[in-house]
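Engineer: This is the structure, below, for whatever I ask next.
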Amino acid sequence: MNRRRFWDYFNRLQGIGRQDNGVFRVAWTDEDMLARRELAEILTYEGFTAFRDGAGNVWGLWTPKPGQEYLVLGSHLDSVAGGGDFDGVYGVAAALETLLSLRECQFGDYGNVAIVAFADEEGVRFNSGLLGSRAITGALTRQEFMTMADASGNHSLEDAAAAYGVTWESLSAIRPVPICAYLEIHVEQGPILEERQIPLGIVNVIAGRSQGYVRFTGRQNHAGTTPMDKRQDALLAAAQAVVGLHEAVMDHECVGTVGDIIADPGSPNVIAGHSAISFDVRAPKDDIREAVLRRWQASWAAGAIVQRVDKAAVALDLMIRNILRDAAARLQIPTMFLNSWAVHDAMILAQSVPSGLLFIPSAAGVSHARDEWSSPQDCEIGVMVFEEAARTILTG
Ligand code: HGY
Ligand code: MN
Ligand code: MN
Ligand code: MN
């Protein structure tokens, strides 16, 4: 690992879209594109074949063995709105440093290596998360891509992506490189590694997730003249559903979040005729997630789910998990196995190739927030073990 080079590239990528109140590299915005362009420039400068595929994923290829499969190392550059400095970009910088190190140490005799920054991992605006990785594995449907919209229903993923040259035609024309295995390293975004004082986590299962929007219909009316027993208040119905989700997940190994709520017309003196809320429900066991959603849905009347995307929980490849454990052991780095309640592109790749996911500690377990932080020492330990694991997989 070349520490100086790693931090130089990390800072170059992580600084794009960074503001006082957090990072704003939301997918399908200029900042997101700037970061992808920056990565492509770095890859070209370093002599790799760099390109953007039909989904907007940015690839860097090192092909000493033409015609053979690639070990793919990746993560994402897009962020949530007001996100932290490490989510996604740390993994891309670690993948880049590993690619450079493998070439420097002449590992070309063993096979090809690629890095990828997947597009729209977060799905912030349209609940379209893990879009880039699903596009290369065929898990993204035309129907989903063409119908995803924001909470208001007025802005579509299709239009936002088209502004940056990504269409269903370009997505479906992708011919991905042949992949032998996928590795990702990411900040844990939770408190476990820090609490246990363990510098590296190896992920067993990535929790499944159901996300989408519910729209409520009431009757727009006057806030003053409408008696309380004569109201059909769409925003009240939405608020009750927000509390209802919290109650539906209680006492289950499950989490549920409503992160976005809107009212139409959204005027202080008008009873809302329409409203919408987002939902994000996750559990390591799919039957629990499904049961909670059914219970929650039964608790509200004037609503209808207008968008729902489910991703099943995924157990990552046992052989890869052991390679990660042994690579850390060779470097005398303590590890532990744990589950991930954050979703990752690794859960999509894992459905078609052996995939592994490493975590480094997150300070106070905080993420998707300005004060997301991981220590330089933990970042560097993560890269060194990530490189050692990549070498092991490459040399087979
Ligand atoms: O939402 C998540 O779990 C991830 O950070 N995209
Ligand atoms: Mn995230
Ligand atoms: Mn992430
Ligand atoms: Mn990820």
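Engineer: Would it be correct to say that ALA135 is farther than 27 Å from GLY365 by Cα and either open to solvent by 10 Å² or more (accessible area, probe 1.4 Å) or in a loop (DSSP other than H, G, I, E, B) (or both)?
Structural biologist: So ALA135 passes the test.
Engineer: List the number of the failed condition for GLY138; all other conditions in (1) of a type in the set (Gly, Ala, Ser); (2) on the phi > 0 side of the Ramachandran plot; (3) at pLDDT 95 or above hold.
Structural biologist: (3)
Engineer: When LEU99 is evaluated against the numbered criteria (1) away from ligand 4 (no atom under 16 Å from the Cβ); (2) open to solvent by 50 Å² or more (accessible area, probe 1.4 Å), which criterion, by number, is the only one it fails?
Structural biologist: LEU99 satisfies every listed condition except (2).
Engineer: Continuing with this model, one more query. Of the residues in segment 141-157, how many are among the hydrophobic types (A, V, I, L, M, F, W, C) and on the phi > 0 side of the Ramachandran plot?
Structural biologist: 0
Engineer: Given the residues VAL177, VAL281, VAL270, which is the only one that is closer than 28 Å to GLU144 by Cα and either outside the structural domain of ALA94 (by TED's automatic domain parsing) or free of Cβ contacts under 8 Å to residues at least 12 places away in the same chain (or both)?
Structural biologist: It is VAL281.
Engineer: So in segment 74-88, with the set limited to residues that are more than 11 Å from the chain's Cα centre (by Cα) and closer than 25 Å to GLY165 by Cβ, which one is farthest from ligand 3 (Cβ to nearest atom)? Break it down into steps so the answer makes sense when it comes.
Structural biologist: Applying the first criterion (more than 11 Å from the chain's Cα centre (by Cα)) to segment 74-88 yields 74, 81-86.
If we keep only those that are closer than 25 Å to GLY165 by Cβ as well, we get 74, 81, 83.
Details: GLY74: 11, ALA81: 14, GLY83: 9 Å.
Of everything passing the filter in segment 74-88, ALA81 is farthest from ligand 3 (Cβ to nearest atom).
Engineer: Find the strands (runs of 3 or more DSSP E) located wholly in segment 65-132 whose residues include 2 or more that are more than 16 Å from ligand 2 (Cβ to nearest atom) and in contact (Cβ under 8 Å) with a residue 40 or more places away in the chain, and list them.
Structural biologist: By residue number, 70-76, 112-118.
Engineer: Looking at (1) among the charged types (D, E, K, R); (2) outside any helix (DSSP H, G or I); (3) within 26 Å of the chain's Cα centre (by Cα), which is the only condition GLU194 fails?
Structural biologist: Unmet condition: (2).
Engineer: Looking at GLY111, GLY123, GLY88, which is the one that is surrounded by fewer than 24 Cβ atoms within 10 Å (Cβ to Cβ) and within 12 Å of ligand 1 (Cβ to nearest atom)?
Structural biologist: GLY123
Engineer: Which of the residues spanning segment 272-282 are open to solvent by less than 10 Å² (accessible area, probe 1.4 Å) and part of a strand (DSSP E or B)?
Structural biologist: We begin by selecting, within segment 272-282, every residue open to solvent by less than 10 Å² (accessible area, probe 1.4 Å); these are 272-273, 275-277, 279, 281.
Answer for segment 272-282, where residues must be open to solvent by less than 10 Å² (accessible area, probe 1.4 Å) and part of a strand (DSSP E or B): SER275, ALA276, ILE277, PHE279, VAL281.
The values are calculated or read from the model by the stated rules, or taken from the named source; none is laboratory data. This is a predicted model, so every value here is computed, not measured. Cβ atoms come from the backbone with ideal geometry, glycine included; neighbour counts cover every protein chain shown. Areas reflect the complete protein model, heavy atoms only, side chains present, ligands, DNA and RNA absent. Shrake-Rupley method; radii C 1.70, N 1.55, O 1.52, S 1.80 Å.
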